[in-house]
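Below is one structure, written out as C-alpha cells, with a few remarks after it.
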Amino acid sequence: MGLLNLQEGGQMEPVRMILYGKNGIGKTTFGAGMPQPFILAVEDGIGPMPVMYDRAHHKTYDQIVGTLMEVGGYFQSGRFRSLVVDSMDALQVKVFDKILSEHGKKHIGDFSYGKGYELFKQEWESFKDLMERFRVELGANVLLIAQCDSRTIADPINGDHNSNTMRLDKRASGVLRDWADLVGFAQLESNPIRNKDGEIVRLQETGRRILRTSPSEAFDAKNRFNLPPTLPLAWVAVEQAIKEAYARPFDPNQYAQVQSGFGQASPAGLPQPGMPPAGFGQPAQAQPNAGFAPSGKPASLAAPAAPMQPASPVQPVQTGGFPKPPGF
C-alpha cells in the first residue's frame, strides 16, 4: 500500500484557537458561547455561567490529562462539541510541578544542561498532540485560554512601546502558537484623543470588547483565515468571519495586490487594513451556537442533553482511544 494521502484544502474544519488577554475581559465568556462547550477549569473563574465544566484547579497534571481522556467519550457521543481549557498559565504551573516531582528537583534550573526545560517542552508537545486528537478524532473545536503579560519594548527608531504576550514560558507558547489556526488578543477598544496639533495625547476606551487577529507591535496575534484584523469579542463573530473567509475565492496573490495598491482601496473581498468588518458594533445576526460540525459543515445546536452523571474518580493517564462514558 502506498503512503500518499492526497487531500484537498479549503474545507472548513474545527478551529484551533488561543485566546489571551487581561483578567475579566471576557475570555471564558467567549468560550462559553462556543457550540456545546465543555470547560476544563484549571483555574477557578466560571462564575454564574450555565455551562458544563470540570473544576480541575486542585488536580495534578496527570489527573487533568486523565480527565481529558475521560471526557473524550462524551465528545464521541455528541454531548460536547467544543473543548475549552482555562487557563494555560495555570496548567503550566502543574507541568512544572510534575517534572520537578518526578525527578526529585526543587527548581527547573537544577537540571544539568537545560534538561528540565527540554522535559518541559516535551510535555507541552504531548499536550498539543492530545488537543489535536480532540479536533481530528472527535471533531471538536479547541480553545486554549491564557492570561496576558505586558512589557516595554525598547525601540530606538519608533520609540519605546508596550507589547502584550501570553503569560507562558516561551517554550510552551511556541509549541501552542505554531499549532493554533488563530491566536487572538482580547482587549477593550479605545479611540485616540488628539490635541489641536493633531498629536495623540491619550486613548479613550469605548467599553466595547474586541478581538485582535493580526500581529502588531502592541500584541501577538495571528490567523490562517485572512480575517479582518479586528472583530467583536464573541464566538458568533469569529465563526461568521471564518465562514466568509472559506466562501471567498482563493487568490494566492492577494497580499501582493494589497502591497502594489498601497494607499488605495483593497481588492474586492479583502478587508481594509485596520478596519473592522461590516456590521461591527451591531447585534450579531448569526445563530449564536451554529458552530462547526465534525464534517466541517455548520450545524445547529442540539437540544440540551441530560446533565452529566457524576464522574468516577480520575483514572491513570490512558494512551489508547477515548473511553465511552457510562450510559452511552
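Measuring against 20 Å, Cα to Cα, the residue pairs Lys94/Lys121; Lys128/Lys170; Lys128/Lys222; Lys27/Lys59; Lys27/Lys121 contain Lys27/Lys59; Lys27/Lys121 as the ones spanning a longer distance. Once backbone amide H atoms are built at 1.01 Å from N, Ile18 has Leu144, Leu182, Val183, Gly184 as its partners under 5 Å, excluding neighbours fewer than 5 places away on the same chain. The Cα atoms of segment 1-153 cover 53, 46, 39 Å along the three principal axes, with the biggest extent listed first. Note that segment 147-152 has calculated 3J(HN,Hα) couplings of 7, 10, 10, 10, 9, 8 Hz, one per residue in order, obtained from phi through the Karplus relation 6.51 cos²θ - 1.76 cosθ + 1.60 (θ = phi - 60°); glycine and proline are x. Using the Cβ-Cβ distance between Glu205 and Glu8 with R0 set to 45 Å, the FRET efficiency from 1/(1 + (r/R0)^6) comes to roughly 0.50.
If a/c stays under 1.5 just call it rounded; otherwise compare a/b with b/c (prolate if a/b is bigger, oblate if not). Do that for segment 1-62, with a ≥ b ≥ c from the square roots of the Cα gyration tensor eigenvalues. In terms of gyration-tensor shape, prolate.
Readers should treat all values here as calculations from the given coordinates under stated rules, not as data from a laboratory. Computed from a predicted structure; not experimentally measured. Counting neighbours? That spans all protein chains shown, and the Cβs are built from the backbone with ideal geometry, glycine included.
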